[in-house]
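The values are calculated or read from the model by the stated rules, or taken from the named source; none is laboratory data. From a predicted model like this one, the values you see are computed outputs, not experimental measurements. Methodologically, a virtual Cβ is constructed for each residue, glycine included, from the backbone with ideal geometry; neighbour enumeration extends over all protein chains shown.
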Amino acid sequence: MIHIELSSRGRDTIALEMPDISYFSTNGSGRLEESSWNMGNELLTYSISEFKCRDFNVAKYQIHCKEDCCLHSRNADCSFMGLSFVRQGMVECFMAETRDKRIWAEGYTNVMVSSGIKEERNLFSKGETFSMTNVLISPDFFRHLSERYPEYFEKAYLRLDSGETFFLAPENILIPVTLDTALNDIELSRMMGNASPMYLEAKVVECLSLFMRETEGKEETKERVVSVSDRDKIYQARDIICTEYLNPPSLRDLALRVGTNECTLKTGFKQTFRTTVFNYLFDYRMNMAVHYLLDTNKTIAEVASLVGYDYQGHFCTAFKRKFNIAPSEYRMKA
């Protein structure tokens, strides 16, 4: 059960009413359970949507604050391992058990292991919208991972079993495009019918493997750190690519538009997103194609045009290179 209180300067503390929450499904149907709810008051609006099965829970949170405020939550009686991905905004978080204070900002991720008792305070700024996706993993499946991949998870599971709460990575890390893509694929699990839990399991394991790859050896490699100024320019370049993916600028023009040079753009972009500008654009187009294939009735030729391909054949070749399946087959199997 989660108990939440909301406070703001000069106002009385508000106890937020939350429905009873069970992180993982207890039914035996084999299908995913889905739910959502919204709430609001004079300080904020709060929405949650989730889908879950026996071993996994995927929850999306969005909070919009009308005033500077502090959200104080106390969580008991349910342990888990959770991947957190910040999609929008920023929040300052303080966790009582670990004395951990960190900034959760857009584009960053980490994995938290919670022993079942967790108390935290989150500070939100007026006018900001904060959005986060959490993928929770049950203790039973965590134990399975520790037995199957002891080199990655055994120590963490033993720490959970001893009652600790902690993060796998000392500092939050930037979400690489490969992990971002795998997270987006998790959404497809809701369309798999009886195979949904199996598909969800595969994608969660993929996300964990990609996260562990990003954190492995970080202490030894010590990459050159992208400056705050350059990082802002890299994200601006990313936004331009996503907005103008139908007619993207050249690398030279893109660098000029964000106020840097081509070399810094290429180096910083690859360090930030773990891929090149070109590959990021390619992945973005393919993800848009998946959206059009699954969520619309547009023809393959129309989808090709909508994601920037003049010829249907070129689009089909690119799609198959990415997903190892033709667009028409992908649509039929979804």
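Okay, residues lined up against (1) modelled with pLDDT of 90 or more; (2) closer than 17 Å to Gly107 by Cβ; (3) surrounded by fewer than 19 Cβ atoms within 10 Å (Cβ to Cβ):
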{"site": "Pro170", "(1), (2), (3)": "no, no, yes"}
{"site": "Ile173", "(1), (2), (3)": "no, yes, yes"}
{"site": "Asp180", "(1), (2), (3)": "no, yes, no"}
{"site": "Asn184", "(1), (2), (3)": "no, yes, yes"}
{"site": "Ser189", "(1), (2), (3)": "no, no, no"}
{"site": "Met198", "(1), (2), (3)": "no, no, yes"}
{"site": "Ala202", "(1), (2), (3)": "yes, no, yes"}
{"site": "Leu208", "(1), (2), (3)": "yes, no, no"}
{"site": "Arg213", "(1), (2), (3)": "no, no, yes"}
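Among (1) surrounded by fewer than 19 Cβ atoms within 10 Å (Cβ to Cβ); (2) of a type in the set (Ser, Thr, Tyr); (3) in contact (Cβ under 8 Å) with a residue 60 or more places away in the chain; (4) under 16 Å from Met95 (Cβ atoms), there is one condition Thr165 misses while meeting the rest; what is its number?
Here Thr165 clears every test but (1).
What single numbered condition from (1) assigned to a helix (DSSP H, G or I); (2) without any contact (Cβ under 8 Å) to a residue 40 or more places away in the chain; (3) under 28 Å from the mean Cα position of the chain (by Cα) fails to hold for Cys263?
(3) is the only condition that Cys263 fails.
Taking the criterion of being under 28 Å from Ser209 (Cα atoms), within 14 Å of the chain's Cα centre (by Cα) and buried (at least 16 other Cβ atoms within 10 Å of the Cβ), would at least one residue in the stretch 94-104 satisfy it?
yes
Which of (1) under 19 Å from the mean Cα position of the chain (by Cα); (2) without any contact (Cβ under 8 Å) to a residue 24 or more places away in the chain; (3) not in a helix (DSSP H, G or I) does Thr275 not meet, given it meets every other one?
(2)
Of everything in the stretch 237-267 that's modelled with pLDDT under 90 and β-branched (Val, Ile, Thr), which residue is surrounded by the most Cβ atoms within 10 Å (Cβ to Cβ)?
Thr264
Any residue at all in the stretch 40-54 that's of a type in the set (Lys, Arg) and either at pLDDT 80 or above or closer than 21 Å to Ser79 by Cβ (or both)?
yes
Counting only residues that are surrounded by 15 or more Cβ atoms within 10 Å (Cβ to Cβ) and β-branched (Val, Ile, Thr), which one in the stretch 268-290 is modelled with the highest pLDDT?
Here the answer is Val290.
Restricting to the stretch 307-329, name every residue that is closer than 16 Å to His291 by Cα and among the β-branched types (Val, Ile, Thr).
Val307, Ile325
Would the stretch 138-152 turn up any residue that is surrounded by fewer than 16 Cβ atoms within 10 Å (Cβ to Cβ) and over 21 Å from Phe211 (Cβ atoms)?
Checked against the condition, which is being surrounded by fewer than 16 Cβ atoms within 10 Å (Cβ to Cβ) and over 21 Å from Phe211 (Cβ atoms), the stretch 138-152 yields no hits at all.
Among (1) surrounded by fewer than 16 Cβ atoms within 10 Å (Cβ to Cβ); (2) of a type in the set (A, V, I, L, M); (3) touching a helix residue (DSSP H, G or I) at 6+ places or on another chain (Cβ under 9 Å), where does Met39 come up short?
Every listed condition holds for Met39 apart from (3).
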